[in-house]
1. Which peptide among 131-139, 102-110 comes first, and what is the full order, when sorted by highest mean count of other Cβ atoms within 10 Å?
2. How big is the stretch 3-106 on each of its three principal axes, counting only the C-alpha atoms and giving the largest first in Å?
3. Using Cα extents along the principal axes in Å as the read-out, say which of (1) 52, 32, 28; (2) 85, 36, 29; (3) 50, 42, 24 was calculated from these coordinates.
4. So how much slack lies between ARG170 and LEU192, counting 0.36 nm per residue of separation and subtracting their Cα-Cα distance, in nm?
5. Which helices pass in the chain if a helix is a full DSSP H run, must span at least 30 angstrom along its long axis by Cα, and must have mean Kyte-Doolittle hydropathy not below -1.0?
6. Put +1 on the Cβ of each Lys and Arg and -1 on the Cβ of each Asp and Glu in the chain; which of ALA38, ALA163, PRO84 then has its Cα farthest toward the positive end of the dipole?
Amino acid sequence: MTGRAVSAAVLLVVGAGLALLAVLVHYEFMRVYGDITATALEGLMWGLTAGPAGLALGLVAVVALIGFMLSTRLWMRLAAVAIPVLMLVGMFAVTPSALGQRLAVQFNSTPQCVIEGMDERTASADRESQQTFDSIEHIGHFGGGGMNGVGGCTRGFVLSGDADVLQHYRAALPAAGWDVVEDDGRHLRARLDGRAFAVMPCPRGGVVWAGSDDDPAFGQGRPELAGAEICPHDL
């Protein structure tokens, strides 16, 4: 092989290695930060624009282009073209698995309110809120963010498909013995034995609240939350 062919072969090997590394980095990025409601294609496009995958694709494409220009044989040129293409195919293939891992590790099917290390008054309120949530069949996937305390527990959830949030709870609450006392098409509130539950849809999911029947839902009326949006920015 000539020096030019050797250089091209080395660049193709380097490009292939970078492409494999980029696929692994994309997997880890999506596993930690990916949108669990996205399809594989949507996840790939988001990873290319918001994650390191776009930079990696550019780097691999440059290496492959130089290798293509230095190539003296047809198979080298075909390999130079195939490397970035296979890299994208690999990223597309691992995206659903990465999002599935994030869903399994970072989300729950039921809101979780109990946090260790809280004072007894707050811990007692959190346990009561947890009992409320556990008594109801929920929809969506719940993360760990939200408000806790004597004013109730608020948790947000995302939906991985199209679903009518309020319609789900209109059926689930009476089935669990709860009485729906408010339902204006924008939010729903129910009560049972001095406890209360409320839900409000958001663009990508919704928020649920559990607390005492005497408390306003979602912490409304608390001075520190004046003017705050009920739906988090990521919902």
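Only the coordinates and a few stated rules stand behind these numbers; no lab work does. On a predicted model such as this, the values are computed, not experimentally measured, just so you know. With ideal geometry, Cβ positions are generated from the backbone for all residues, glycine too; neighbour counts draw on all protein chains shown.
1. 131-139, 102-110
2. Over the stretch 3-106, Cα extents along the principal axes are 52, 19, 16 Å.
3. (2)
4. The span from ARG170 to LEU192 would gain 6.5 nm if fully extended.
5. Long hydrophobic helices here: 3-33, 74-106.
6. Checking the options against the dipole of the chain, the answer is PRO84.
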